[in-house]
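Below you'll find the structure, written out as structure tokens, and then a few comments.
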Amino acid sequence: MGGRPSSPLNKQQQQCLRGQVDAQLRNFLPCYRGQLAASVLRQVSQELGPQEPAGCQLLRSKKLPRVREHRGPLTQLRGHPPRWQPVFCVLRGDGRLEWFSHEEEYESGARPLGSTVLTGYALLTSQREYLRLLHALCPGSSEDHAQEDPDSLLEVPVSSPLFLQHPFRQHLCFSATTREAQRAWRLALQGGIRLRGTVLQRSQAPAARAFLDAVRLYRQHRGHFGDDDVTLGSDAEVLAAVLMRELLPALRAQTPPSLRGAGRARAWAWTELLDAVHTVVLARVSAGLRAFQPEKDELLASLERTIRPDVDHTLQLRAGLAGRLRTDVQGLLESCLRQEVDAQLPRVTRTLLSTVEAAIEALRTLLAQGMDRLCRHLRQNPSGARLRREVYSFAEMPWDPERMHTCYREAERARGRLGQLVAPFGFLGMQGLVFGAQDLAQQLMADAVATFLQLADQCLTTALDCDQAAQQLEKVRGRVLKKFKSDSSSGQRKFIQGWVSCIFLPFVLSQLEQSCKKELPEFEGDVLAVGSQALTIEGIYEDVIRGVLLQRINRELRKALGASDTSCTLAGCSEAPWEEEEEGLAPRSQALVPSFPVGAAFMISFYLPAKTSAHLRLGASPLCFRTGFHRD
């Protein structure tokens, strides 16, 4: 929709917004500091505590999450007044969308006309659906449609549209030249939206977990218990979204009558105003978090030094307090769970399980087909150049939106049905849940591909001809599928435990807010006597509720999975990791993770005619894939 020549906010309004952001940060940062301490304690206790009988069977891919860069010509609705104009668009690997006047400007390295990160956007490809959203966006705008000119905004049908809608930012309207181009852009943009949205959820850092917990507690203290998609994005983007939601009612009540235009034009002006407000808020939040960064780094280092030496004593004291607290709240908690949760928990668990199972089955099929294709090409067409292309295509499969789409689509299919089941519990985070399932699928595929490439590198030697090499790859294929089954079962279990807890825990906490929280002050003195900033009575209370809820979730998972696989799937025990097998493959001690990127790990260097020995040592030959393509 193109940028405005100037902000609709005057200096006084901008300064007022900055003051509101500063007030939000003053209220939020104490909560964040407390959660940093709790998160460090959790990490240290997990490191020192008992481990699962078997860890991941697959190698962990070294590739960072990304989207495949996509570029091409589109038309964009931009300018004042808005008109459809040709642009050249580029989706970067980090999920940033840029647009230029011409392809030549992009090629020459010129500055783009505009750019945006895709955090928080929703993509629509139906003009009718987008117009309905636009009509409902601005209060009082619907009655003005009859007054609009026939040539008004988006009146003319748009072929192959791509509408990027954001709750607090200016919308972006594009149109592709063909349906095929629209599909390619749709898959690419959806990948960019997901990549930007789940940056905190994918992180294993204590600070990321602490930040998400702090946001949840901050909102609970203001009476908002239901989980939703506000936590999608970076830390600054999340905090900005939280404040924007707080500001939105006042903005709606005060602003619309003064907006210019009528109907869709007024709705569009409303998005421009929101974009201006969001820009100020995000900039101020980003500055505040940057200013807090040195203190956060120092605090994390200090917490590590103080918590680790005394962790056993701290956990013993915490367990004692948790036991006493559990005794006090057990009756009210059990009553709440029986009356409010138990009836729906089985349906939610089974629906979520069937969704993840369908996505993983589609993933397994895609993985098997990719490995079969490599084996087939090795037997039938041992051309160096052709095989290198096939290997590269296989290694890039986790980042190929077209090939992964069948798996991602399975995660999308349950959105409506599951959303209806969980809405009564205040859960509005279906976008985050779907993204989580898709991230799980992508990570499993990346790990499986990395494992296949590494094991293949170990077993293929110059002494093998093409048929023998293909037989070795087929053995690797079977081994990878076994490991994939183990890791997908474990990942599925953790995913369902985590998301079912996200659905029900805030609801249970809200139901017990008045009855159980009055019991907490009597424990405050005991917590303070411990003298650890990692322990708070509120944190222990939530852990007690979560623990009881997880017992019920695991019980339903056992029922849903069936007695035959329960011991394997829930206990996390399966094939011992990297066990030695009598298949001519290397044992675990030799299965080192390659330091180079997985996309270039499977290094087929050079093929001689079929009856000569296959020069196939992956990673040892000087004529290897990672150094570039070579002659046949």
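Computed quantities for the displayed model
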{"quantity": "Pair list, Cβ < 6 Å and 6+ apart or interchain, from the range 525-546 residues that are in the same structural domain as TYR32 (by the TED database) to residues that are in a loop (DSSP other than H, G, I, E, B) and surrounded by 18 or more Cβ atoms within 10 Å (Cβ to Cβ)", "calculated": "none"}
{"quantity": "VAL500 being assigned by the TED database to the domain that holds CYS459, among the aliphatic types (A, V, I, L, M), buried (at least 17 other Cβ atoms within 10 Å of the Cβ) and within 22 Å of ALA37 (Cβ to Cβ)", "calculated": "no"}
{"quantity": "Residue count for the range 300-329, restricted to those that are closer than 26 Å to PHE427 by Cβ, open to solvent by 70 Å² or more (accessible area, probe 1.4 Å) and not basic (Lys, Arg)", "calculated": "0"}
{"quantity": "Residues of the range 85-113 satisfying the condition of being farther than 30 Å from LEU440 by Cα and crowded, with 17+ Cβ neighbours inside 10 Å", "calculated": "VAL87, PHE88, TRP99, PHE100, TYR106, PRO112, LEU113"}
{"quantity": "The listed residue being touching a Pro at 6+ places or on another chain (Cβ under 9 Å) and either surrounded by 22 or more Cβ atoms within 10 Å (Cβ to Cβ) or not charged (D, E, K, R) (or both), out of LEU274, LEU251, LEU189, LEU217", "calculated": "LEU274"}
{"quantity": "Residue list for the range 196-238, filter: among the β-branched types (Val, Ile, Thr) and touching an Asp or Glu at 6+ places or on another chain (Cβ under 6 Å)", "calculated": "THR198"}
{"quantity": "Qualifying residue in the range 395-411 (condition: open to solvent by less than 50 Å² (accessible area, probe 1.4 Å) and either more than 25 Å from the chain's Cα centre (by Cα) or of a type in the set (Val, Ile, Thr) (or both))", "calculated": "no"}
{"quantity": "Out of LEU528, LEU473, LEU550, sole residue that is more than 24 Å from VAL434 (Cα to Cα), at pLDDT 90 or above and assigned to a helix (DSSP H, G or I)", "calculated": "LEU473"}
{"quantity": "Scan of the range 64-87 for residues that are outside any strand (DSSP E or B) and of a type outside the set (A, V, I, L, M, F, W, C), ordered by number", "calculated": "PRO65, ARG66, ARG68, GLU69, GLY79, HIS80, PRO81, PRO82"}
{"quantity": "Residues being surrounded by fewer than 15 Cβ atoms within 10 Å (Cβ to Cβ), within 24 Å of HIS278 (Cβ to Cβ) and polar (S, T, N, Q) - total across the range 114-129", "calculated": "1"}
{"quantity": "Residue among LEU300, LEU315 that alone is under 32 Å from the mean Cα position of the chain (by Cα) and within 30 Å of SER515 (Cβ to Cβ)", "calculated": "LEU315"}
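Conditions (1) out of contact with any helix residue (DSSP H, G or I) (no Cβ under 9 Å at 6 or more places or on another chain); (2) of a type outside the set (D, E, K, R); (3) under 17 Å from THR355 (Cβ atoms), marked per residue:
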residue: LEU444; (1), (2), (3): no, yes, yes
residue: ALA456; (1), (2), (3): no, yes, no
residue: ASP467; (1), (2), (3): no, no, no
residue: ALA470; (1), (2), (3): no, yes, no
residue: GLY478; (1), (2), (3): yes, yes, no
residue: LYS483; (1), (2), (3): no, no, no
residue: SER489; (1), (2), (3): no, yes, yes
residue: VAL508; (1), (2), (3): no, yes, no
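The values are calculated or read from the model by the stated rules, or taken from the named source; none is laboratory data. All values reported here derive from a predicted model rather than from experimental measurement. Positions of Cβ are backbone-derived with ideal geometry, glycine not excepted, and every protein chain shown enters the neighbour counts. Quick note on the areas: whole protein, heavy atoms, side chains included, nothing else; ligands and nucleic acids left out. Shrake-Rupley method; radii C 1.70, N 1.55, O 1.52, S 1.80 Å.
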